[in-house]
Amino acid sequence: MGQNETMDQVGGHIPGAINFFWKDLFNEDGTYKSVEQLEQHFKGIDKDAEIVVYCGSGVSATPNVLALEQAGFTSVRLYAGSWSDWISYDDNAIGTGKKYKIKFAFLKSEK
């Protein structure tokens with residue numbers, strides 16, 4: 001929920017973000033789960049929605065980008081600067097709760 005932050009000066013999340021921990025995408029042997037399992041994992045998200053995936057600095061978000069694309073999502077982008085970049089702009093909102101409404105989905109990739 002973005003209440004504690006150990007790496008950046010500000011804790012929180014991009015308002016409207018939905019958290020999908022990147023390690024939940026993998027089987028015990030380190031391979032990606034099946035397409036069917038990934039579709040189930042991301043159930044409830046419109047496959048045609050514009051999705052922007054982020055994490056703390058852009059590294060752990062990448063597995064979610066790949067998994068979303070594998071599951072058939074058509075408009076997925078990585079916010080490479082991620083949270084570290086977001087908080088560098090004073091005008092950007094910072095969320096700390098779960099309920100926000102935005103026009104496109106941000107997926108956070110960290111626990």
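Quick note: the coordinates plus some simple rules give every number you see, no bench work behind them. All values derive from a computational prediction rather than experimental measurement. Note that each Cβ is placed from the backbone with ideal geometry, even for glycine, and that neighbours are counted across all protein chains shown.
Spatially, the range 71-95 and the range 19-47 are offset by 20 Å when compared through their Cα centroids. Note on TYR32 and THR96: the model spin-label points, each 7 Å out from Cα along the C-beta direction, lie 3.7 nm apart.
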